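Down below is the structure, laid out as structure tokens.
The values are calculated or read from the model by the stated rules, or taken from the named source; none is laboratory data. The shown structure was predicted, so the numbers you read here are calculated from the model rather than taken from an experiment. Here Cβ is always computed from backbone atoms with ideal geometry, including for glycine, and neighbour counts include all displayed protein chains. Ligands, DNA and RNA are stripped out before the accessible areas are found, and what is left, the full protein with its side chains, is counted by its heavy atoms. Shrake-Rupley method; radii C 1.70, N 1.55, O 1.52, S 1.80 Å.
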Amino acid sequence: MSIIEGGLNMKKLVLIAVLCVSSLSANAQNNAQSLLQQLLGNDATSGTLKNILEDVVGGAVAKLNLSIEGTWKYQEPQVQFKSENLLAKAGGAASTAKIEANLQKLYGNIGINESLLYTFNADSTFTQTIRIGSSVKTLKGTYSLHKGDKMITLKYSALGKVGLGKINAIYANTGTSLALLFDASEMLGLMKKILNTASTLTGKTSLAALSKVIDNYDGVLLGYKMSK
């Protein structure tokens with residue numbers, strides 16, 4: 001092989017590598033956008049996402065690219081609507097405050113209280129500790145961040161014989177606080193699976209009551225704020 005041929009082959013390899021990286025980057029962006037659309041539906045726009053994040057963290061939006069590594073402890077319920085139109089139909093900010101007030105007690109009975117801890121590790125693994133009545137559950141899994149769309153995917157390992165699957169959320173991290181916002185029905189589905197592994201009638205009753213509260217509103221994102 002001549003030096004010229006060798007040089008041409010090297011250029012081809014470099015070009016192929018660049019194209020592969022570009023393709024992976026594009027696919028990652030498309031996947032993140034798809035996740036955001038799954039969560040917000042037809043309202044999945046950068047403007048809608050920005051409004052949601054601003055409502056959650058106020059003027060700290062510029063800090064949202066900080067690392068989420070570390071241990072976070074539950075602080076308070078968080079509710080957002082998927083669009084300004086749905087918020088207006090529900091009755092505006094007063095409705096959000098009303099839902100959050102109802103959540104405080106119901107959350108506590110299904111394990112979303114001061115005992116709720118998330119630990120995110122540098123190797124993309126996480127643990128979630130939750131206390132339901134006298135039962136303490138430690139959930140484990142892996143997470144992936146889609147920073148451009150402020151999305152996180154939590155993929156859970158099985159809890160005993162119960163497969164928990166995975167769930168997507170919008171995340172907002174300011175360094176001292178971390179908010180997770182899930183599709184309400186998906187979050188309730190996950191909590192139902194967890195509650196089925198714990199003998200607690202109070203928890204299951206509260207989950208049913210929470211489901212009825214959410215049924216009165218369209219397009220709700222349900223979650224919580226946490227702090228370090």
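Table: residues versus (1) surrounded by fewer than 20 Cβ atoms within 10 Å (Cβ to Cβ); (2) over 17 Å from Thr138 (Cα atoms); (3) without any contact (Cβ under 8 Å) to a residue 24 or more places away in the chain; (4) in contact with a Ser or Thr (Cβ under 8 Å, 6 or more places away or on another chain).
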{"site": "Gly189", "(1), (2), (3), (4)": "yes, yes, yes, no"}
{"site": "Leu195", "(1), (2), (3), (4)": "no, no, no, no"}
{"site": "Thr202", "(1), (2), (3), (4)": "yes, yes, no, no"}
{"site": "Thr205", "(1), (2), (3), (4)": "yes, yes, no, no"}
{"site": "Val213", "(1), (2), (3), (4)": "yes, yes, no, no"}
{"site": "Lys228", "(1), (2), (3), (4)": "yes, yes, no, yes"}
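Summed over segment 114-171, residues that are free of Cβ contacts under 8 Å to residues at least 60 places away in the same chain and among the charged types (D, E, K, R) total 7.
Residues are listed down the side, and each one gets a yes or a no for (1) part of a loop (DSSP other than H, G, I, E, B); (2) aliphatic (A, V, I, L, M):
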| position | (1), (2) |
| --- | --- |
| Gly175 | yes, no |
| Leu178 | no, yes |
| Leu190 | no, yes |
| Thr205 | no, no |
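Ile112 meets all of the listed conditions (1) at pLDDT below 95; (2) open to solvent by 30 Å² or more (accessible area, probe 1.4 Å); (3) among the hydrophobic types (A, V, I, L, M, F, W, C) but one, namely (2).
Number of residues in segment 128-150 that are in a strand (DSSP E or B) and open to solvent by 20 Å² or more (accessible area, probe 1.4 Å): the value is 12.
Yes/no per residue for (1) modelled with pLDDT of 70 or more; (2) aliphatic (A, V, I, L, M); (3) not in a helix (DSSP H, G or I):
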site	(1), (2), (3)
Gly7	no, no, no
Val21	no, yes, no
Asn30	no, no, no
Gln37	yes, no, no
Lys50	yes, no, no
Thr71	yes, no, yes
Gln78	yes, no, yes
Ala94	no, yes, no
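As a summary of the residue check, Ala62 satisfies the conditions (1) within 30 Å of Glu114 (Cβ to Cβ); (2) modelled with pLDDT of 70 or more; (3) surrounded by fewer than 16 Cβ atoms within 10 Å (Cβ to Cβ) except for the one numbered (2). When Glu100 is tested against (1) open to solvent by less than 60 Å² (accessible area, probe 1.4 Å); (2) within 17 Å of the chain's Cα centre (by Cα); (3) of a type in the set (D, E, K, R), exactly one condition is not met: (2). Of all positions in segment 151-170, at least one carries a residue that is on the phi > 0 side of the Ramachandran plot, surrounded by fewer than 17 Cβ atoms within 10 Å (Cβ to Cβ) and not basic (Lys, Arg).
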